[in-house]
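Undergrad: Below you'll find the structure I mean.
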Number of protein chains: 2
Amino acid sequence: MSSFADRLNAVATESEALLAHLLDDAPLAGEVTRPQRLVAAMRHAVLGGGKRLRPFLVVESATLFDANRDGALLAGCALELLHCYSLVHDDLPAMDDDDLRRGKPTVHKAYDEATAILAGDALLTLAFDILAREEVHADAGVRIALVRELARAAGLGGMAGGQMLDLAAEGRALSEQEIVTLQAMKTGALLRFACRAGALLGQANATQLAAMEQYGAAIGEAFQIADDLLDVEGDAATLGKAAGKDAEAGKATLVAALGVAGARAKLESLIEKSDAALAPFGPKADILRAAARFIAERRN
Amino acid sequence: MSSFADRLNAVATESEALLAHLLDDAPLAGEVTRPQRLVAAMRHAVLGGGKRLRPFLVVESATLFDANRDGALLAGCALELLHCYSLVHDDLPAMDDDDLRRGKPTVHKAYDEATAILAGDALLTLAFDILAREEVHADAGVRIALVRELARAAGLGGMAGGQMLDLAAEGRALSEQEIVTLQAMKTGALLRFACRAGALLGQANATQLAAMEQYGAAIGEAFQIADDLLDVEGDAATLGKAAGKDAEAGKATLVAALGVAGARAKLESLIEKSDAALAPFGPKADILRAAARFIAERRN
């Protein structure tokens, strides 16, 4: 097995090329005319950055179940487009009001607010367009399951709902359990989907799907704690976005609730949880074990 | 056949009940906790108004092809949720900046801007969640076709792209053809989808689908002209929203390009076009013929 870093980079490179292709100047079937400014804003939001962790998780989970890699990469890119929409809308003045993302001006800064709203809407919509394509999986039943699960992960019971709870909680003290619930929706749902998507593409059985759900839940929680630690300890140059914004906004984080040492201990226990979930798959899941450690220990 | 008005009202009543059910307090499968404020804003955006023209077109097109009515109503409500998302985002201060919609405060006025952005996002996402449900159609292939076509109709090559072109065109003179193209995307794409959706649900053949596409294109164009005439001639009390906003914003409309008399003549020719498209279906399509006339002649 090549190293974790090599495989992460390989998916990032492939994703960047495929995302550019998906957003390129070739019109979609049925398109009347191309709204150039909208496409440019979507490209600004998506291309030229990002670890592409979500496509990586889809691809490597799919590999675990011997699913077709090209279909998994396409599904992973659909998920990445949806993730990018959430960043564009999150950065808006009425939301987190951020000027910088991945070291570049945010979409509403580079274009304008109306364009950023529409670019986010169009990215979200394009994610479902892509998931519905035959190249993702020959079986329409598999594709419709992906559509259904992504909509659930992204919608009011998942990411969008978690963002709402997060906004409503600003300046208010939440219990540890409330924070875990909020974050399981806000950032966890898409990461759980990434891991389940690979299993769905590989037509895994219910036990295997449940194992991937547990793995995804553990790394999702770890991802958010690592993110919150970075907000406390990182600097803007490394992060490519402003640091220290959570405390300033009075955001409820587990780091605030548990302290830095407590949060680090929690990260270790989450790595153990993700290892336990992967136990039935043996050494074939080593890459996903390495991913969990990477997520917990990342520095940007 | 019961009258057109009766059948339109029947679908409106059924849609209102089904939409309320789809947005009610029963959590979705997999939901962690319910973001009450978000759900309330979504309900505000969707319930208590609207002619439910899009669900009506899905249901009556499906009836033409002997498709199951319950599935068609569910697909129609998914489309209506997506339509409502577009209104919520369109009304935002950075977009059309409207305070009033269907005689009620717009979502960002009744709640706040962040909540309105998220409510729109969640409505768009919920539309795909619903289309993916087995109750829409037993065949996953039919459901995935609906997902694909709705994403195309709503995305950068359809509604969102048309909104972008519309914003970019403000204050600039467009040719008649440019206006037709823009509106075919901005409002036409969802209405075409409504008519095609019924045919897809009824597993119509390619000729029949093409006929429904032509019908949908004609009524879509008629819908927009009637809307623009209302903006010129209507008043806020009848419309439930501000009138005269297009001229104020320097928006490109066919009424501005052709004049009121020219626009009325165009409406008549579009009714003839829609009749021609429906000719192969005989009297079974009378309800859709009546719908075309209603759309062209509506007063609010």
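Values quoted throughout were computed directly from the atomic coordinates according to the rules given, and no laboratory measurement underlies them. Since the model is a prediction, treat every value here as computed from it, not as a measurement. Reconstructed Cβ throughout: ideal geometry from the backbone, glycine too, with neighbour counts over all protein chains shown.
Undergrad: With a 10 Å cut-off between alpha carbons and a GNM built on chain A, which of A:95, A:185, A:212 moves the most?
TA: A:95
Undergrad: Residue A:101's amide H: which non-local residues (gap 5+, or another chain) put their own amide H closer than 5 Å, with H modeled 1.01 Å from N in plane and none for Pro or chain starts?
TA: A:106
Undergrad: In debye, nearest 20, what is the charge dipole magnitude of segment A:4-297 about its Cα centre with +1 on Lys and Arg Cβ and -1 on Asp and Glu Cβ, if you could check?
TA: Dipole magnitude for segment A:4-297 comes out near 400 debye.
Undergrad: Would you mind listing the distances between the residue B:135 label point and the same position in each other copy? Use 7 Å along Cα-to-C-beta, nm, one decimal, shortest first.
TA: 3.5
Undergrad: Next question, about the same structure. Please report the projected area of the protein assembly as shown's Cα convex hull averaged over all directions, in nm².
TA: Taking a quarter of the hull surface, the average projection is 24.9 nm².
Undergrad: Which of the three applies to segment B:61-201, rounded, prolate or oblate, going by the alpha-carbon gyration tensor with a ≥ b ≥ c and a/c under 1.5 meaning rounded?
TA: oblate
Undergrad: Taking each label point as 7 Å beyond Cα in the direction of the beta carbon, state the distances from residue A:282 to the same residue in the other copies, shortest first, in nm.
TA: Label-point distances to the other copies, shortest first: 6.6 nm.
Undergrad: Now a separate question. Fewest Cβ neighbours within 10 Å first, please rank B:130, B:271, B:144 accordingly.
TA: Arranged by neighbour count, lowest to highest, B:130, B:271, B:144 become B:271, B:130, B:144.
Undergrad: Tell me, what is a quarter of the convex hull surface for the C-alpha atoms of chain A, in nm² with one decimal?
TA: Seen from a random direction, the Cα hull of chain A projects 14.7 nm² on average.
Undergrad: Taking chain A as a Gaussian network, where each spring joins two C-alpha atoms under 10 Å apart, which residue of A:15, A:86, A:269 fluctuates the most?
TA: The residue that fluctuates most here is A:269.
Undergrad: Using a Förster radius of 30 Å, what is the FRET efficiency between residue B:279 and residue A:133 based on their Cβ-Cβ separation? Nearest 0.05, please.
TA: About 0.30, to the nearest 0.05.
Undergrad: Still on this model: Past the 27 Å Cα-Cα mark, which pairs from B:51/B:104; A:109/B:104; A:104/A:251; A:251/A:284; A:104/A:186; A:251/B:109?
TA: Result: A:109/B:104; A:251/A:284 exceed 27 Å.
Undergrad: Rounded to two decimal places and with Rh computed the Kirkwood way over Cα pairs, what is Rg over Rh for segment A:149-210?
TA: 1.10
Undergrad: Can you give the FRET efficiency for residue A:17 and residue A:269, using 1/(1 + (r/R0)^6), R0 = 35 Å, r = Cβ-Cβ distance, to the nearest 0.05?
TA: So the FRET efficiency works out to roughly 0.40.
Undergrad: Take chain B, connect every pair of alpha-carbon atoms lying under 10 Å apart with a spring to form a Gaussian network, then pick out the residue of B:64, B:53, B:28 with the largest mean-square fluctuation.
TA: Evaluated over chain B, the most mobile residue of the options is B:28.
Undergrad: In nm, what does the list of distances from residue B:112 to its counterparts in the other copies look like, shortest first, when each label sits 7 Å along Cα to Cβ?
TA: The projected label point of residue B:112 is separated from its counterparts by 2.5 nm.
Undergrad: Name the helices (complete DSSP H segments) of chain B with a Cα length along the long axis of 27 Å or more and a Kyte-Doolittle mean of at least -1.0, or state none.
TA: Span-like helices, by this rule, are B:69-90, B:113-131, B:206-233, B:254-278.
Undergrad: Between residue B:177 and residue A:261, with labels modelled 7 Å along Cα→Cβ, what's the label distance in nm to one decimal, could you check?
TA: Once both label points are built, they end up 7.4 nm from each other.
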